[in-house]
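The values are calculated or read from the model by the stated rules, or taken from the named source; none is laboratory data. Keep in mind the model is a prediction, meaning the values are calculated, not measured. FYI the Cβ positions are ideal-geometry reconstructions off the backbone, even for glycines, and counts take in every protein chain you see.
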Amino acid sequence: MQKLLLFVDKVSTFVGRFFSWAIVGLTFLISWEVFSRYVLNTPHPWAQDVQIMLYGTLFMFAGAYTLAHGGHVRGDVLYGFFKPRTQASIDLILYIVFFLPGIFALTYAGWTYANESLAIHEKTFSPDPLPLYPFKFVIPLAGFFLLMQGIVEILRCVVCLRDGAWPSRVEDVEEVDVYKLKEMVHVKDVDIAQLDQYVVRQEAKP
């Protein structure tokens with residue numbers, strides 16, 4: 001069971017990392033368009049459409065990755081004080097009642113939406129139109145990955161209800177956590193306070 005959970009976590013992490021490179025393309029595209037528009041005086045009508053597509057792709061495929069790492073917004077004012085089994089019970093109910101129907105509807109409707117766009121070879125509304133139907137297939141594909149990760153989270157709840165503890169997750173590089181950083185370098189707040197006092201004394205010397 002644990003191998004299956006971690007495997008889906010790794011797939012969601014890989015997908016999230018892969019499509020995160022869209023932010024690099026988006027950065028270069030916006031920078032070039034600003035330079036081209038205001039310096040060369042040659043704006044490109046298609047640039048904004050591509051920017052929207054890149055951002056939308058990045059946003060959609062980040063869903064499963066964020067869920068795999070427990071990064072979605074949670075109103076946990078009281079949740080954090082509950083025991084793991086209580087947390088798992090709440091999560092399980094919310095996943096079944098809200099998450100599964102919502103994401104299934106997103107995936108199903110997105111697939112229909114994308115195929116209708118493909119049937120008419122839909123394009124963007126701009127002087128230089130671009131094919132829009134390939135981008136619309138991002139909706140059901142991202143929904144599929146999010147649905148798979150959601151099923152794994154439901155299995156995690158079941159495991160937690162059985163064992164009384166949350167099963168492990170795949171770890172990834174995250175933003176700097178000050179407390180973890182202090183533990184890594186074996187620095188305490190007392191040491192930092194003493195260092196600050198020493199600096200102040202040195203600066204006060206004539």
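When residues of the stretch 29-68 are filtered for being surrounded by 12 or more Cβ atoms within 10 Å (Cβ to Cβ) and either at positive phi or in contact with an Asp or Glu (Cβ under 6 Å, 6 or more places away or on another chain) (or both), how many remain?
Here is the first cut: in the stretch 29-68, the residues surrounded by 12 or more Cβ atoms within 10 Å (Cβ to Cβ) are 29-30, 32-34, 36-37, 43-68.
Cutting the leftovers down to either at positive phi or in contact with an Asp or Glu (Cβ under 6 Å, 6 or more places away or on another chain) (or both) gives us 45-47, 68.
Total meeting the criteria: 4.
Quick check on SER126: is it in contact (Cβ under 8 Å) with a residue 12 or more places away in the chain, over 30 Å from VAL170 (Cβ atoms) and outside any helix (DSSP H, G or I)?
Values: in contact (Cβ under 8 Å) with a residue 12 or more places away in the chain: yes; over 30 Å from VAL170 (Cβ atoms): yes; outside any helix (DSSP H, G or I): yes.
Yes, satisfied.
Specify which of the listed residues (ARG37, ARG17) is within 11 Å of the chain's Cα centre (by Cα), farther than 16 Å from GLY143 by Cα and assigned to a helix (DSSP H, G or I).
Working: ARG37 fails: within 11 Å of the chain's Cα centre (by Cα).
None of the others qualify; the one that does is ARG17.
Conditions (1) closer than 18 Å to ILE139 by Cα; (2) among the small types (Gly, Ala, Ser); (3) assigned by TED's automatic domain parsing to the domain that holds VAL152, marked per residue:
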site	(1), (2), (3)
GLY25	no, yes, yes
THR42	no, no, yes
PRO45	no, no, yes
ILE52	yes, no, yes
PHE59	yes, no, yes
GLY63	yes, yes, yes
ALA68	no, yes, yes
GLY71	no, yes, yes
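Output the qualifying pairs, or none if there are none: Cβ atoms under 6 angstrom, residues six or more apart or on different chains, first residue in the stretch 36-65 and without any contact (Cβ under 8 Å) to a residue 24 or more places away in the chain, second residue acidic (Asp, Glu).
Pairs found: ALA47/GLU33.
Taking the stretch 152-172 as the region of interest, how many residues are in a loop (DSSP other than H, G, I, E, B), under 24 Å from the mean Cα position of the chain (by Cα) and not hydrophobic (A, V, I, L, M, F, W, C)? Talk me through it step by step, then tell me what you get.
Filtering the stretch 152-172 down to residues in a loop (DSSP other than H, G, I, E, B) leaves 164-172.
Of the ones still in play, those that are also under 24 Å from the mean Cα position of the chain (by Cα) are 166-172.
Next, only the ones that are not hydrophobic (A, V, I, L, M, F, W, C) stay: 167-169, 171-172.
Residues meeting the conditions: 5.
Those residues that are assigned to a helix (DSSP H, G or I) and either hydrophobic (A, V, I, L, M, F, W, C) or buried (at least 19 other Cβ atoms within 10 Å of the Cβ) (or both), I need them from the stretch 129-139; list them, please.
Within the stretch 129-139, the subset assigned to a helix (DSSP H, G or I) is 133-136, 138-139.
Correct list: PHE135, LYS136, VAL138, ILE139.
Go through VAL34, VAL77, VAL73, VAL97 for me and flag whichever is out of contact with any helix residue (DSSP H, G or I) (no Cβ under 8 Å at 6 or more places or on another chain), under 30 Å from ARG162 (Cβ atoms), among the β-branched types (Val, Ile, Thr) and at pLDDT 90 or above. Lay out the reasoning, then the answer.
On the way: VAL34 fails: under 30 Å from ARG162 (Cβ atoms); VAL77 fails: at pLDDT 90 or above; VAL73 fails: at pLDDT 90 or above.
Sole residue among the options that is out of contact with any helix residue (DSSP H, G or I) (no Cβ under 8 Å at 6 or more places or on another chain), under 30 Å from ARG162 (Cβ atoms), among the β-branched types (Val, Ile, Thr) and at pLDDT 90 or above: VAL97.
With the requirement that a residue be modelled with pLDDT under 90 and out of contact with any helix residue (DSSP H, G or I) (no Cβ under 8 Å at 6 or more places or on another chain), what does the stretch 123-162 give you?
PHE125, PRO127, ASP128, PRO129
One line per residue, one yes/no per condition, for (1) assigned to a helix (DSSP H, G or I); (2) of a type in the set (A, V, I, L, M):
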{"site": "GLN48", "(1), (2)": "yes, no"}
{"site": "ALA64", "(1), (2)": "yes, yes"}
{"site": "VAL77", "(1), (2)": "no, yes"}
{"site": "LEU100", "(1), (2)": "yes, yes"}
{"site": "THR112", "(1), (2)": "yes, no"}
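In this structure, is SER117 touching a Lys or Arg at 6+ places or on another chain (Cβ under 6 Å) and surrounded by 13 or more Cβ atoms within 10 Å (Cβ to Cβ)?
yes
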